[in-house]
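A quick write-up on the structure given underneath.
The values are calculated or read from the model by the stated rules, or taken from the named source; none is laboratory data. Remember, it's a predicted structure, so these values are computed and weren't measured experimentally. Glycine gets a Cβ as well: all are built from the backbone with ideal geometry, and neighbour counts include every protein chain shown. In case anyone asks, the SASA skips ligands and DNA or RNA and just uses the protein heavy atoms, side chains included. Shrake-Rupley method; radii C 1.70, N 1.55, O 1.52, S 1.80 Å.
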Amino acid sequence: MKHFDDKFVFGAATAAFQAEGATKEDGRGPCYWDEYLSRPESRFTGDVASDFYHKYKEDLSLAKEYGLNGIRISIAWSRVIPDGSGEINPKGIEFYNNLIDECIKNGVEPYVTLHHFDTPLPLYKNGDWLDRDNIDHFVRFAKVCFENFGDRVKKWVSINEPWSVVAGQYIIGHFPPNIKYDIPKAVQAMHNMMVAHAKVVELYKSMNLDGEVGVIHILESKYPITEEKLDEKAAYLEDTIANTFMLDACLSGEYSEDTLATIKDIVKKNDGELVIYEGDMKVIKSAAEKNDFLGVNYYASHFLAHHDGDSGIHHNGTGEKGSSVFALKGIGQRVTNPDVPTTDWDWPIYPQGLYDMLVRVKHNYPNYKKIYVTENGMGYKDDFQDGKIDDTARIDYIKQHMEAILKAIQDGVDVQGYFLWSLMDVLSWTNGYNKRYGLFYIDFDTQKRYVKKSAHWMKQVAETKTLVNPEEIDY
Ligand code: BGP
């Protein structure tokens, strides 16, 4: 199949903290990133970011002009409820009302995420997703959003990427509270997030709003670097903790025997224990039947080798190619596959991994309903030449991944949309502003927007529903 069908959504993604800026305006409370990035050793802050808070009209009009009909935005919990659990901030409601109305006015449908990495600071200090009360506070926040925006927003996402949150917070340690190698905490927080997701689905469905609700997972394939049994085991273990654990929860509504045994074993090898509270699996099961869609975020796949020692990680947060190390005790280590190219941040570029993941979801979870690819894109140090940015490397990346999606559709997977990360350049959580993903380049000193070659290409793709050759783009 060479064409996307007429219903296919061509979108781009943003997230509140990475785009909005205006972190102290109109009564917004701090989230944990505000506190973390204000420390003296921080290389950057989110105080201005892409200034989307003030420039959203311009960005939405660019989205429309360049052929997009969908946008992912997220609602900053601490803009709507500044301390996370107390008073509602009318100015926060007003901002999102205006933003949502502007999306609709431009024919760019908002897909709205409730939690995109930005827990309000007081709740984070209470333990964030390790604190079970956080679940109730989050459900209340969801209710406020459904009540205020549910008449116009028809696509809701509970949580963005549980695995990335906990890997950042408790394993890699590049997200606050910067804990390293605490796999038991990571697993517990993931489980708690899936309970929170499930409760939000239940709530949404009980409100009889005429829309859809789902969850987004980062789903990156894991392959053994050789056919050796031990390498295969390492790939299986990382796949279970990062992918199967979450897919089982949101699509099967139960952890399979294998999944649970493997997770418990990994946690035990790291001196911990997973606690599943009474009632958790009941709500998870019920929500799995009601979920309307699965969002798949995909950037890279990983190649695994056996690893017998302690955990050891070096996070490449600057784009110094080749500097990454990632080895986990009781799981395995990521290694370079010489046949697979990587970005400057050492992310393997492997579109086959997206195809394999999409087909696997359909095969292993036949009740999955439908999929949106809710993030995919290439972090790149764009070269700005007199107002022009020729990002052909990014176009190649996107094209290859869209080809993988078309192939999956052809093979029977129901994928209904693609959202490029990101609409315009935004803050990258652990890298700052030189790792760019946008269709629109931002000069962060002036906040002026410039149209990249990839935006011209995307417009043609969206208009023709065909993956046009980048060489045909006049730029
Ligand atoms: C995803 C997040 C996004 C975005 C993207 C790129 O995990 O959902 O918010 O940041 O990754 O990541 P990075 O900016 O680290 O390159």
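Summary of values
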item: Selection count where residues are surrounded by fewer than 21 Cβ atoms within 10 Å (Cβ to Cβ) and under 19 Å from the mean Cα position of the chain (by Cα), scope segment 369-378; result: 1
item: Pairs with Cβ under 6 Å, 6+ apart, first in segment 417-437 and among the β-branched types (Val, Ile, Thr), second more than 11 Å from the ligand (Cβ to nearest atom); result: 426/50
item: Residues that are buried (at least 20 other Cβ atoms within 10 Å of the Cβ), more than 16 Å from the ligand (Cβ to nearest atom) and in a loop (DSSP other than H, G, I, E, B), drawn from segment 313-349; result: 331
item: The listed residue being among the acidic types (Asp, Glu), within 14 Å of the ligand (Cβ to nearest atom) and either in contact with a helix residue (DSSP H, G or I) (Cβ under 8 Å, 6 or more places away or on another chain) or open to solvent by less than 10 Å² (accessible area, probe 1.4 Å) (or both), out of 411, 425; result: 425
item: Matching residues, segment 350-372, being free of Cβ contacts under 8 Å to residues at least 60 places away in the same chain and assigned to a loop (DSSP other than H, G, I, E, B); result: 366
item: Residue in segment 159-175 that is more than 16 Å from the ligand (Cβ to nearest atom) and assigned to a strand (DSSP E or B) present; result: no
item: Residues (of a type outside the set (Val, Ile, Thr), in contact (Cβ under 8 Å) with a residue 12 or more places away in the chain, away from the ligand (no atom under 16 Å from the Cβ) and in a loop (DSSP other than H, G, I, E, B)) located in segment 438-474; result: 447, 452, 465, 467, 474
item: Pick from segment 275-312, criterion small (Gly, Ala, Ser) and within 20 Å of the chain's Cα centre (by Cα), ranking: surrounded by the fewest Cβ atoms within 10 Å (Cβ to Cβ); result: 300
item: Filter pass, residue 189 being under 18 Å from residue 277 (Cβ atoms) and not in a loop (DSSP other than H, G, I, E, B); result: yes
item: Residue under evaluation residue 10, criteria (1) at positive phi; (2) in a strand (DSSP E or B), criterion not met; result: (1)
item: Boolean, residue 152 is under 28 Å from residue 69 (Cα atoms), out of contact with any Phe, Trp or Tyr (no Cβ under 9 Å at 6 or more places or on another chain) and either aliphatic (A, V, I, L, M) or open to solvent by 10 Å² or more (accessible area, probe 1.4 Å) (or both); result: yes
item: Qualifying residue in segment 76-93 (condition: in contact (Cβ under 8 Å) with a residue 60 or more places away in the chain and within 16 Å of the ligand (Cβ to nearest atom)); result: yes
item: Pair list, Cβ < 8 Å and 6+ apart or interchain, from segment 116-131 residues that are at positive phi to residues that are open to solvent by 20 Å² or more (accessible area, probe 1.4 Å) and modelled with pLDDT of 95 or more; result: 117/164; 117/429
